[in-house]
Amino acid sequence: MRNRIHESKRETMAVVSLRLTALILALAVYPILWPASPSAAKSANTDPRVMRFEPVQFNPPQPDRLVLENGMVVYLLEDHELPLITITALMRTGSWLDAPDRIGLAGLAGHTMRTGGTKRMAAAQVDAELERLAAEITVAIGTESGSAMLDVLKKDLDRGLQIFADILMTPAFDPARVELAKQQAIEAIRRRQDRPQSIVGREFPKMLYGPAHPFARESSVESVTKISREDLLAFHARTVHPNGIILGVTGDFEKAPMLAALRKAFGSWTAGAVPEIVLPPVTADEPGTGPDGKSGAGGKRIVRFIGKGTSQTHVRVGHLSIKENDPDFPALSILNDILGGSSFRSRLFQDVRTKQGLAYSVGSALRAGVREQGFWLMRAETKSDSTHDVISRLVTNMERLREQPVTDAELAEAKEAFVNSFVFSFTSPSSIVARLIGLEYDGLPKDFLQQLRDKVVKLTKEDLLRAARAHLHPDRVKILAVGPAEALPRLLSGFGEVKEIKLAPEG
């Protein structure tokens, strides 16, 4: 029953998405199907390869926002298509609070909040009751936030909400479930050096932020072993409070009864001292100049490799970048799309893979930060003998963005893709509420995405060139390659002083 419910939800969301797509396409072709004038009729015969349409206008429904007596923020958006209700919670907690000798505590707390039972119900009873209701509850805690979600049938809301509230308010952290979660985490740690792609994904942030920064540090067998049930109880009591939670409710409900149910479930939970998100300064950058003699206030070019017994090399090339509220964020987003974020039509894909045949996979990514600098990177996977050529092409394409404007066609395609994809950020009531919750949590205006879309529309080639020259620095990128130890020092030597990162054995 439980699987059928969730399959039904997925099918329904697929239908909604298809209907929305059909509506967008219908709106786009409407002037062609029903010309209003001879000139419009004439346009119906235009070559489709050169046809242009006005950007799709889409105004998503706005949920109600209110604050309960204990400080919990609630967003409500009704959707009566199916007798289902989804409740999500975004919690101001995170692994930034982990002590240096207890790294992994927050993640373990999130996992065992769900699996470890509550003061009212043993762990096995929670599992059995959720199975009986065909309901699902998930909890997870990441670096800067925690999240929880309840999916339940409308008829079972009261019981499902009671269990959900108990998990958030009074988790029991059953000792047996805690020990099981610790052993699972330790086993994952022992095996995480098996895959080169996993290694490069973990080690590159250490080069950017420093190994002790919350964005880069990782748990160890030692740190997880030290975590006790008492640590988990103390972490929850210290960091999870109703006035630090933003709740989103979507589905088949009426506002007044839902508010009454929420007050009944959470009304006894008193407000607490919500921890402020404070991240340490970034310490990874090293002062100096690059091998080409160019200066850089953010440091010099740094080249590192990790030896792994493979015939392939996994490459990361990049540096720290901007925050999401930076005025140049729209321009950098479009630049990234043109460079490598758009897959098949991007410069990196066309150059490195299609023309040169140097890489199996290639692309770029911009991860703008909110409270701390984000990062921008290029990635590739290639055979080891092509490592030098691949990195050379990555850096060359980066330099090209600084040296000459993008083409009119590239700018138009990237802007059109961005604007037309905007609507798919609001494909369902739950996605609409999730967006608003995330924006409020990060301190951004609720129309941030609409502002971003409007700014993208106005961008020029000159805007992109100026942003590239201000924020892309080929002379001080960090380069990391994971591959054959005997070959990489030679293949990387042309990019700067090469040093090896030796991974400590796990377990």
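Here, each number is a calculation from the coordinates, and none is a lab measurement. On a predicted model such as this, the values are computed, not experimentally measured, just so you know. Cβ sites come from the backbone with ideal geometry, for glycine too, and all protein chains shown count toward neighbours.
Summary table
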| item | result |
| --- | --- |
| Estimated FRET transfer efficiency (THR170, GLU69; beta-carbon r; R0 22 Å; 0.05) | 0.70 |
| CD proxy at 222 nm, helix term only [per DSSP H run n ≥ 4: -39500 (n - 2.57); per residue of the chain; nearest 500] | -13000 deg cm²/dmol |
| Reach of LYS355 by Cα under 26 Å, taken over lysines that are not fewer than 8 positions away in the same chain | LYS383, LYS415, LYS461, LYS478 |
| Space enclosed by the convex hull of the alpha-carbon atoms of the chain, per residue, Å³ | 170 Å³ |
| Cβ-derived FRET efficiency at R0 60 Å, GLU462 paired with GLN197, nearest 0.05 | 0.95 |
| Along each principal axis, Cα extent of the stretch 302-500, largest first, Å | 53, 36, 29 |
| Packing rank of 446-455, 250-259, 170-179, where each peptide gets the mean count of other beta carbons within 10 Å, highest leading | 170-179, 250-259, 446-455 |
| Positive minus negative residues near SER425 (Lys, Arg vs Asp, Glu; Cβ under 11 Å) | +2 |
| Fewest-first sequence of MET149, MET378 by Cβ atoms within 10 Å of each Cβ | MET149, MET378 |
| Two-decimal ratio, the stretch 100-246, of alpha-carbon radius of gyration to 2.2 N^0.38 Å | 1.14 |
